[in-house]
Amino acid sequence: ITTKKIFKPFRFILENQDSTSDGTKFVPLILKETLTDHYFNKDPKKNKNVLKATKIYGIEQLRISELLDVIFDDIEIYGNQAQLNGKTFLLPFADGGLALYNYYLIDSTKGADSVWLYNLAFVPKSKSDLLFNGKATIRDSSFAIQKIELGIDKRSNVNFINDFHLKQGFENTGKGWFKNEEERS
């Protein structure tokens, strides 16, 4: 199809394909990147986010960018549930998680600071429920989530979304654990 003269103006689309973690190829129509500083005060409890930069590639219409912000709300991994496109998903470490998820210990290693790290995998017990599958790295001393990757099952009925992947990393700053990286696709 790339050699046909009629498709010459659109050849860049096929040459710039991206792929998901499982190898599924797609053509990104829009890519939004943001750089944000997060500030947290424990007493009195306050949060502040300072947006340093944002860049939109592809279809540069603000309404589409705003739509993406609504569809993919911020996911607080320590919370009980997350909203995706108006549907509520129960998070793997929620209060009722043991009844709905199967957890598997994949590996345990000793970190650089001599603290044990446990790599867990989690999958929904029922494929018809709105639940995530993925893996997490948990620290032994504090049981804090150091790294987590979430995805939705292909059979989840979420309109207009074929795939969703979230990766978050957390860092101990001495005053608590804070999110230091996040990647969504």
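Tabulated values for the structure
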quantity: Contacts under 9 angstrom Cβ, first residue in the range 114-133 being outside any strand (DSSP E or B), partner hydroxyl-bearing (Ser, Thr, Tyr), 6 or more apart; calculated: VAL115/SER141; VAL115/SER142; LYS125/TYR101; LYS127/SER156; SER128/SER156; ASP129/SER156; LEU130/THR88; LEU130/SER156
quantity: Qualifying residues in the range 120-153 (those that are of a type in the set (A, V, I, L, M) and open to solvent by less than 10 Å² (accessible area, probe 1.4 Å)) - the one farthest from PRO92 (Cα to Cα); calculated: ALA144
quantity: Looking only at the range 167-185, and only at residues there that are part of a loop (DSSP other than H, G, I, E, B), in contact (Cβ under 8 Å) with a residue 12 or more places away in the chain and open to solvent by 60 Å² or more (accessible area, probe 1.4 Å), the one that is farthest from ALA121 (Cα to Cα); calculated: LYS175
quantity: Qualifying residues in the range 63-92 (those that are open to solvent by less than 60 Å² (accessible area, probe 1.4 Å) and part of a loop (DSSP other than H, G, I, E, B)) - the one modelled with the lowest pLDDT; calculated: ASN85
quantity: Test: residue in the range 93-111 that is of a type outside the set (Lys, Arg), closer than 30 Å to ASN47 by Cα and either in contact with a Gly (Cβ under 6 Å, 6 or more places away or on another chain) or part of a strand (DSSP E or B) (or both); calculated: no
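The values are calculated or read from the model by the stated rules, or taken from the named source; none is laboratory data. This is a predicted model, so every value here is computed, not measured. Neighbour counts are summed over all protein chains in view; Cβ atoms, including those assigned to glycine, are modelled from backbone coordinates with ideal geometry. Heavy atoms of the whole protein, side chains included, go into the accessibility calculation; ligands, DNA and RNA do not. Shrake-Rupley method; radii C 1.70, N 1.55, O 1.52, S 1.80 Å.
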